[in-house]
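Each remark here refers to the structure printed beneath this line.
Just so it is clear, none of the values below were taken in a lab; they were calculated from the coordinates. Because the structure is a prediction, the values reported are computed rather than measured. All Cβ positions, even for glycine, are placed from backbone atoms using ideal geometry, and neighbour counts span all protein chains on display.
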Amino acid sequence: MSELPEGFQFSKSFEIGSYQVNPKGLIRLKDLADLFQEVAWKHADSADFGRILLEKKFMWALSRLEIKQFQSPVWGQKIILYTGGRGLDKLFAFREFLAVSESGEVLARGMSSWLLVHTETKRVQRPAQVLTDRLFSPSTLPEWQPPKIKLPEVKALVSTEYEVQASDLDLYYHVNHTSYIRMVEDVLAGQNFAGKDLLINYLAECKFKDQIQLSLFRFGNSAVIKGQVTSRIVFLASVILAVDKQPF
């Protein structure tokens, strides 16, 4: 394998499928996040800190994800995704993503923070016990870290309810983190908005048939979407808004 750019440790090529794009032929944020998730699993499995951890009753839980798009990948386009560990900070392990075209043009970047959780006790574990220093150095921290989102002190522009479906669930019977991104995009489209960049904080788990109250708060050219089950906030997402006369 040729040398990878910017200290990334793993790469995989993808072709954007017709099922991954909106009616304009541009990849959805949800589907870009799906590709990030897939390349992360491939990397983790190749280095023995992926699915093999289930045997030790451990799982990875995504805490925060930030995606910055510079040029949206389109239907039929072949892209290369790079990923790599970007250090540890106590209970958090950081992973970065880079999406480029075949010609090397940067299309998107992503940064994520993860928690290692015991599948039975639900207690957070120190990730250093399953990660190598070579991939996730405990002495290194990325300059770019997905920040914490604060709810704006404005009235919700719109609120709607969503019932968790079986198709939303992941390997652990929890709502997959990319399903929340789909909810965010759907709420935005209902108001004729689209978001190019995304920051999302995952705060609690959701399960089958949970009723998620989705609220959109707008301030200027930005918006925050809150997902809540009863009194428990499940996620907060922040996007830069663009008015879209044909959002779907």
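Considering all projection directions equally, how large on average is the shadow of the alpha-carbon convex hull of the stretch 1-66, in square nanometres?
6.3 nm²
Let me know the charge dipole size of the stretch 5-129 about its Cα centre in debye, to the nearest 20, where only the beta-carbon of Lys, Arg (+1) and Asp, Glu (-1) is charged.
Approximately 460 debye in magnitude.
Can you sort Tyr162, Tyr202, Tyr172 by how many other beta carbons sit within 10 Å, fewest first? Don't skip to the end; give the middle numbers.
Numbers: Tyr162 19, Tyr202 22, Tyr172 15.
The most exposed by this proxy come first: Tyr172, Tyr162, Tyr202.
With the cut-off at 28 Å, tell me which of the pairs Lys12/Lys207; Lys30/Lys122; Lys57/Lys90; Lys57/Lys150; Lys148/Lys196 have Cα atoms farther apart than that.
Check vs 28 Å cut-off fails for Lys12/Lys207; Lys57/Lys150.
Percentage of Cα-Cα pair distances in the stretch 5-129 greater than 19 Å, rounded to whole percent? Before the final figure, lay out the partial values.
On the way: 3814 of 7750 pairs.
In whole percent, the long-distance tail amounts to 49.
Once you charge only the Cβ atoms, +1 for Lys and Arg and -1 for Asp and Glu, what is the size of the charge dipole of the chain about its Cα centre, to the nearest 20 debye?
Once rounded to the nearest 20, the dipole reads 600 debye.
For a quick size check, give me the Cα extents of the stretch 147-248 along its three principal axes, largest first, whole Å.
Cα spread of the stretch 147-248 along its principal axes, largest to smallest: 37, 29, 24 Å.
Which whole number in µm²/s is D for the chain by Stokes-Einstein, with the Kirkwood Rh taken over Cα pairs at 37 °C and 0.692 mPa s?
Numbers: Rh = 18.8 Å.
D, rounded to a whole number, is 175 µm²/s.
Measuring from centroid to centroid over Cα atoms, what is the spacing of the stretch 39-60 and the stretch 209-226 in Å?
32 Å
Counting other beta carbons within 10 Å of each Cβ, put Phe217, Phe208, Phe14 in order, fewest first.
Phe208, Phe14, Phe217
Could I have the simple spin-label model distance between Leu53 and Thr230, label points 7 Å from Cα toward Cβ, reported in nm to one decimal?
For Leu53 paired with Thr230, the spin-label model returns 2.9 nm.
At 0.36 nm per residue, minus the direct Cα-Cα distance, what do Lys90 and Asn221 gain on full extension? Give it in nm, one decimal, please.
Value of the extension gain: 43.7 nm.
Based only on other Cβ atoms within 10 Å, what is the fewest-to-most ordering of Met183, Met59?
Met59, Met183
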